[in-house]
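Shown next, in structure tokens, is the structure this report addresses.
Nothing in this text is a laboratory measurement; each read-out follows from the coordinates by a stated rule. What you see is a predicted model, and the numbers here were worked out from it, not measured in a lab. A quick note on method: Cβ atoms are made from the backbone with ideal geometry, for glycine too, and the neighbour counts reach across all protein chains shown.
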Amino acid sequence: MPDSPRDSYEKVFSSLEKHHSWFENSIPLIASENIPSPAVREAVMSDFGNRYAEGWPGERVYAGCTYIDEVETQCMELAQKLFNAEFADVRAVSGVVANLAIYSAYSNPGDVMIASSIPAGGHISHGKKEHSGTAGLVHGLDIEFFAFDPEEMTSALNDMEKIFYGKSYAEYLIELDKTGQANSVEPTVTNAVAHYGDTEHGRAQFPTGFDSLDRLIENETYLDIFAQCLGTDDVSYCNAHLFMRSGPTDDRHSEHPWQGYHADHGTNTFLPISNTTGSFDYVNSGVYLHDVDDDGAPMHVIPGSHRQAAEVLLKLGGRITDRREVPEFAQPVPTSAKGGSVLFYSSYLIHAAIPFENKRKQRAFWTLSMARSDTSRWTKLANPWSGPERQFFQPFWEKTTPRVRTLFGWPELGHALYTATTLKGISQRFPNMDLSPYQVQNTALRHTLNNHPSMIIP
């Protein structure tokens, strides 16, 4: 038997009461949502809640706003007193409008913005122009979604945990809980080469021999961003590392971060830090293999410090070892992010590794650095050709793309180097490499040169 009107009425209001009770004990984290006071609820429940009030007081789009203008004007005056401000706007701001304000303040139309796609949790205002997103359609930003998907990150994280723990991190914690003993987090698998050939806490060098990790470098969007940051498509590989840190092995004091605050360029190149930012520095990146929260030892950075690195480090003797000294320049911010995110930052940016607040967590980070090719000889961090890592380069060269090979010094497709003789030599050294891209490009180049009256190649 269908519900009576009375039954339907009571069901609806019962749901309303449950809803109110639920949110009375909740803290919504959606910026545009709110918990109104009884006074605000009373105002919204009045006829005010049924009227349009678009525009400014006295300049409304719709009629019938005389008394709404009076209330809104009084609210502005009260807000000015409360915040000691010369101006206040008390109109509700949605997440879309708030994001548009940020876009307008910190970017120009045509800039590239990296965002989560909407299916991956992104906001509707982050959308591309063709999807009618605010960022792309209204402000004219070129939207790129995150380069790495969750499946890639899960596979890469699993392999990285095998390198450092010899097992999954979950299994590592179970063993720790049973024995009470925590081993230092260092590479445990023999085919993970230690940083610079030495044993250094929490690092392994590239390539690792694990396909899921080594092939992260091949992401085209990832490489394009490097090119944009450096202002040229002619970029070269500097170095890549795996960083794994674990809370159970971290006994450092919160005021004295591991490494201290420093700039990579100042400690890893022959050239001193200069004012010509971008000319003799390199761009670092960090790929987050999992979510890194504020309590999981995210790297802390000093915003804007890449523009004053020389002055800051000169004053402090090159390194800040006490976190209490940092706010003199700028308040450090944590680089917490979701898995699959990528952090790009200048080699001049002052940063530090921070101790774990939650000792049950880990931080897995795949880093890659690129430099302008015209200055890369000054910005190389390590020689990737020597030592035990050599054994991993042959299979890596054979599998990777022509574009990635150029990052390591290989001539580009179409280069005159790729003659029949050199291609034969390459095939002997790398028997599993697909040479067809080089043959096709070279054939086209030979045709062009041989038809030019002053250029003949044998």
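Tell me which residues come under 5 Å, amide H to amide H, from ALA337 once H is placed; ignore anything under 5 positions away on its chain.
VAL292
List the lysines whose alpha-carbon lies under 30 Å from that of LYS167, not counting same-chain residues fewer than 8 positions away?
Once the sequence-local lysines are set aside, what remains near LYS167 is LYS178, LYS338, LYS359, LYS361, LYS399.
State whether the range 12-154 is rounded, prolate or oblate according to the following rule on the C-alpha gyration tensor (a ≥ b ≥ c being the square roots of its eigenvalues): a/c under 1.5 gives rounded; otherwise a/b larger than b/c gives prolate, and the remaining case gives oblate.
Working: a/c = 2.29, a/b = 1.43, b/c = 1.60.
Oblate shape, in that a/c is at least 1.5 and b/c is the bigger or equal ratio.
Under 10 Å from the Cβ of LEU223, count the other residues' Cβ atoms, weight Lys and Arg +1, Asp and Glu -1, and hand me the total.
-3
Given Cα pairs under 8 Å that are at least 6 residues apart, what percent is the relative contact order of the range 83-185? Please report the intermediate quantities before stating the final value.
Numbers: 98 pairs, mean separation 19.0, N = 103.
Result for the range 83-185 is 18 percent.
Taking Cα pairs under 8 Å and at least six residues apart, what relative contact order does the range 20-131 come out at, in percent? Walk me through the numbers before you get to the answer.
Numbers: 55 pairs, mean separation 16.3, N = 112.
Across the range 20-131, relative contact order equals 15 percent.
In terms of modelled amide H atoms, which long-range or inter-chain residues lie less than 5 Å from the amide H of PHE145?
Correct list: ALA115.
Ranked from highest to lowest mean number of other Cβ atoms within 10 Å per residue, what is the order of the peptides 336-342, 72-78, 8-14, 364-370? Walk me through the numbers on the way to the answer.
Numbers: 336-342: 19.0, 72-78: 14.3, 8-14: 10.7, 364-370: 23.3.
Listed from highest to lowest mean packing, they are 364-370, 336-342, 72-78, 8-14.
What ³J(HN,Hα) values, in whole Hz, does the Karplus curve 6.51 cos²θ - 1.76 cosθ + 1.60 give for the range 346-354 when θ = phi - 60°, with x put for Gly and Pro?
5, 5, 8, 5, 7, 8, 7, 8, 10
Can you bin the range 5-83 into rounded, prolate or oblate? Criterion: square roots of the alpha carbon gyration tensor eigenvalues sorted a ≥ b ≥ c, rounded for a/c under 1.5, prolate for a/b above b/c, oblate for the rest.
Values: a/c = 2.89, a/b = 1.57, b/c = 1.85.
Verdict is oblate for the range 5-83.
Relative contact order for the range 5-83: what percent, with Cα pairs under 8 Å and sequence separation of 6 or more? List each step's numbers first, then the result.
Working: 21 pairs, mean separation 10.4, N = 79.
Value for the range 5-83: 13 percent.
So what are the ³J(HN,Hα) numbers for the range 103-109, from phi and the Karplus equation (6.51, -1.76, 1.60; θ = phi - 60°), rounded to whole Hz, Gly and Pro as x?
4, 5, 7, 10, 8, 10, x
Go through the range 411-428 residue by residue and turn each phi into a ³J(HN,Hα) via Karplus (6.51, -1.76, 1.60, θ = phi - 60°); whole Hz please, and just put x for glycine and proline.
The phi angles translate into x, 5, 4, x, 5, 5, 4, 7, 8, 4, 5, 5, 5, 5, x, 4, 5, 6 Hz.
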